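Structure record follows, encoded as structure tokens.
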Amino acid sequence: MYTLADFANFDKRNKYALPMDIKHRIQQLCKSVGAEPIFSVMVQEKKTIQDAIREINKLTEETKDTRIPLILEIVESIQDELESFATVLFTMISKNLFFSKVYTELFVQLQQKWSVFNVLFEIKYNEYLQSIDSIEIGDADQYDEYCEIKKRNDERRTFTLFMVNLVQCTAISNDHYTKTVNKVFMNIDNLLHVSKKEIMNELVEMLVILNIPGFPKEKVEQLALLKPANHIGINYKIVFRFMDILK
């Protein structure tokens, strides 16, 4: 049987503390039922770009309801560094495909409050659109160059998904989507008779990401009927990928 002294000793030895976001949730729950929380939440003042980045790195579907408001509060206090922060944010967005949806939700709230995010998006979008004309495939024997090219291709795919997410929630005009789809199809047409199947594959993978309601599948239906024997720019793997889009 434990004594009161035993419990006091347990409390002294236990160094575990609830994470701050859990404490916030408990506090909000207590307030919602009219109860007083048994602890106070001491919020450390955060006012730097690095503070915002740390909170973004903790951003997930599960934490977005507490993290996004906190990020907005931090950004509110770094008005003279908005452009620098926006640049860092776009770098993070372009490197994280898995959390694209929740990053989109953050971006939408940021763009509604500060126009700099819209301005920088247009700059990044135009760079992205131009990059579709200069897709490269690295030589695995040239390892450093190969990794750098692969990184750029991955970032292009990630930005494609980010742009699609923004279009679907009407945060940007549908013109961005239309221009992108047309650009990809134009480059596919240009490569049908050129032996650059790796680049063709990158373009087709972009189409897979762009395949949302309103996507012009009629064009893909035509491409899916092409024969590799008559078009050196494609192979059966690419044709099957066209068929996947049509499913």
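For the stretch 56-170, the equivalent ellipsoid built from the Cα gyration tensor has semi-axes of 28, 15, 14 Å, listed from largest to smallest. For the listed residue pairs 150/219; 64/95; 196/227; 47/101; 150/183, the alpha carbons are over 23 angstrom apart in 150/219; 47/101.
Between the listed residues 226, 168, 206, the Cα displaced farthest toward the positive end of the dipole of the stretch 140-241, a dipole computed from Cβ unit charges relative to the Cα centre, is found at 226.
Separation of the stretch 216-247 and the stretch 92-131, taken as the distance between their Cα centroids, equals 31 angstrom. Label separation (residue 237 vs residue 190): 2.3 nm, computed from points 7 Å beyond Cα along the C-beta direction.
Values quoted throughout were computed directly from the atomic coordinates according to the rules given, and no laboratory measurement underlies them. Everything numeric in this text was worked out from a predicted model, so none of it was measured. No Cβ is skipped: glycine too gets one built from the backbone with ideal geometry, and neighbour counts run over all protein chains shown.
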